[in-house]
Amino acid sequence: MTPAVPPIQELAAPAHWRTVDVISDLHLQASEPATVAAWQRYLQTTPADALFILGDLFEVWVGDDAIGDTRDADSRFEAQCCALLRAAAQRMAVFYMHGNRDFLAGPAFLAHCGTTGLTDPTVLEFAGRRTLLSHGDALCLDDVDYQRFRRLARSAAWQRDFLAQPLATRRAQARAMRNESEARKHSGQPYADVDGPAAAAWLRAARADTLVHGHTHRLAEHALAPGLRRLVLSDWDGAAQPPRAEVLRLDAAGLHRVVPD
Ligand code: MN
């Protein structure tokens, strides 16, 4: 059974925007400095008027109170990333949608970085078309265990209990969850993908023809139904050969994939 379409946020681009960039799944972490460097170069050189980050910018986010906790190496790393984002947000509008790794990035994080939070999904009205933006995890319906965890972890009670724990406990729990998901990935179980009929239902409800999402790391373009398509964003890995770092750029000419210099 296809679940009900969630409420869809509407965002009309200001008339002066010429170029909009969309990225996701950078999974920034201290152990992968090449990805951070690529992201920093990109932020400093993009001609975009607005940047939409569709989730999983960070490999994990365990609470806004960690920002700038100088005793903790991961927190110092996060503070460095926030400083880059904050500098970028002074030159262009930056919007932030949660992924499944950083769904605890809260109002303090958004304010600190000068970014605006977006609910999932959001329809962007820009350059004469409506584009539906999502992280994508909510559409991976075949992963029943994950959908159950997602509902739980998005509840106020679960978040309150999780955030009430000391930072070190939260980091340890996040590591354990990540190890579990890595083990599952390597166990040969098929990885759930975006459900086509559900994605088409979202597009019809949004009166949009294109869904842009991340999460699956399976860069592709899929036809969902006549006139309806979904574009999957690339993840970023600065240490891969060749490095993966790709932006989906929207402008008057349409949507194109761009590899930053
Ligand atoms: Mn994800």
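Only the coordinates and a few stated rules stand behind these numbers; no lab work does. It should be emphasised that the depicted structure is a prediction, and the values quoted were computed from it without experimental measurement. Glycine also receives a Cβ, built like all others from the backbone with ideal geometry; neighbour counts cover every protein chain displayed.
A few comments on the model shown:
- Sum of -39500 (n - 2.57) over DSSP H runs of 4+, divided by residues of the chain (222 nm, nearest 500): -10000 deg cm²/dmol
- Top positive-direction residue, dipole computed over the range 193-261 with Cβ charges, set Ser234, Ala201, His222: Ala201
- Taking amide H atoms as placed 1.01 Å from N in the peptide plane, the amide H of Arg130 lies under 5 Å from those of Asp209, each 5 or more residues away in sequence or on another chain.
- Among Leu133, Pro6, Val144 - extreme Cα towards positive end, dipole of the chain, charges at beta-carbon: Pro6
- Note on Arg76 and Ser155: their simple-model spin labels are 3.9 nm apart, each label 7 Å out from Cα toward Cβ.
- Selection of chymotrypsin sites (Phe, Trp or Tyr not before Pro), the range 176-261, meeting DSSP coil and at most 16 other Cβ within 10 Å: Tyr191
- Those residues of the range 223-251 whose amide nitrogen sits under 17 Å from the label point placed on Gln40, 7 Å along Cα→Cβ: 237-239
- Charged-residue dipole, Cβ positions (Lys, Arg, Asp, Glu), the chain about Cα centre, Debye nearest 20: 260
- Couplings 3J(HN,Hα) for the range 193-203, derived from phi with the Karplus relation 6.51 cos²θ - 1.76 cosθ + 1.60 (θ = phi - 60°), are 10, 4, 6, x, x, 5, 4, 5, 5, 4, 4 Hz, where x marks Gly and Pro.
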